[in-house]
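Bear in mind these aren't lab numbers, they're just calculated from the coordinates by the rules spelled out. These figures come from a predicted structure and were not determined experimentally. Every residue, glycine as well, gets a Cβ built from its backbone with ideal geometry; the counts of neighbours run over all protein chains shown.
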Amino acid sequence: MSVKGDARSQAPSSGAATFQRLLSTCDRYAGPGFAGFVLLHFACQAFRARSGGALPQAGFEAQPAVVAGSLLVIWLPFVVFAWRALRRGPSARAESEKARALAILEQVTLGLVLLFLTLHLSQVAWPLLSGALAPSDVRPELIAQLSSTQHGAPLLAAAYLCGVGAAAFLGARQALLALRDGRPRVWARAVVALGVLAYLLGSYAVIRCASGVILP
């Protein structure tokens, strides 16, 4: 009887340990994964905005299987990571005023990115996965939404620009945190440069979709 009782008592602890390992994996890898996805996604969307014609074609990133895969592999772990980070609050171990300010700003951008993610998924991913939109309809529909105005102002496009800025900053921040252990300063500068590049690419994609050609 004692052996059976021991086996029953160990099962919950084993499940709890597995759950904690999953949470630890999200904390460790979701941030850098998010950073890489942001750079790739913004670069892809800038290319689509630059090369798309009057009837933009659906890219591989608009295929339901790719969208569902990115939700499971990138966004679900990131949401878990972001929620846990927001619950913990800014790090109390910051050694300087600058570090504390960056920690607070990171918390703000985490909230903004989650809001932007909810907006973007409700406009693109959910209609695509539910069958309300075909892959070929995703970009034309998004262009129509970004080019629309509310009360005479392009409020949705402005919200997308804010989301792009928050995502680019947070991605750079997470990449820097992943490289902080004894890496040369040139790596940090490269990460910052990639963060700026991601912001420029994402902003270009939004502005071009919202208002047309901005560069020859």
Cβ under 15 Å from Gln145's Cβ, Gln145 left aside: what net charge do those residues give with Lys, Arg +1 and Asp, Glu -1? 0
Along its three principal axes, how long is the range 103-204 when you only count alpha carbons? Whole Å, largest extent first please. 49, 31, 23
Relative counts (whole %) of C-alpha pair distances in the range 17-211, using bins that are 5 Å wide: 1, 7, 14, 19, 20, 16, 11, 7, 4, 2, 0
Applying the Karplus parametrisation 6.51 cos²θ - 1.76 cosθ + 1.60 with θ = phi - 60° to the phi angles of the range 154-165, what ³J(HN,Hα) value in whole Hz is obtained for each residue in order, glycine and proline being reported as x? x, 5, 5, 4, 5, 5, 5, 5, 5, x, 4, x
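Please give the net charge around Cys44, taking every other residue with its beta carbon less than 13 angstrom from that of Cys44, where Lys and Arg add +1 and Asp and Glu add -1.
Net local charge, Cys44 excluded: +2.
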Using a cut-off of 15 Å between beta-carbons, work out the net charge of the residues near Ser130 (Lys and Arg +1, Asp and Glu -1, Ser130 not included). -2
Using packing as a proxy for protection, rank 62-68, 195-201 so that the peptide with the highest average count of other Cβ atoms within 10 Å comes first. 195-201, 62-68
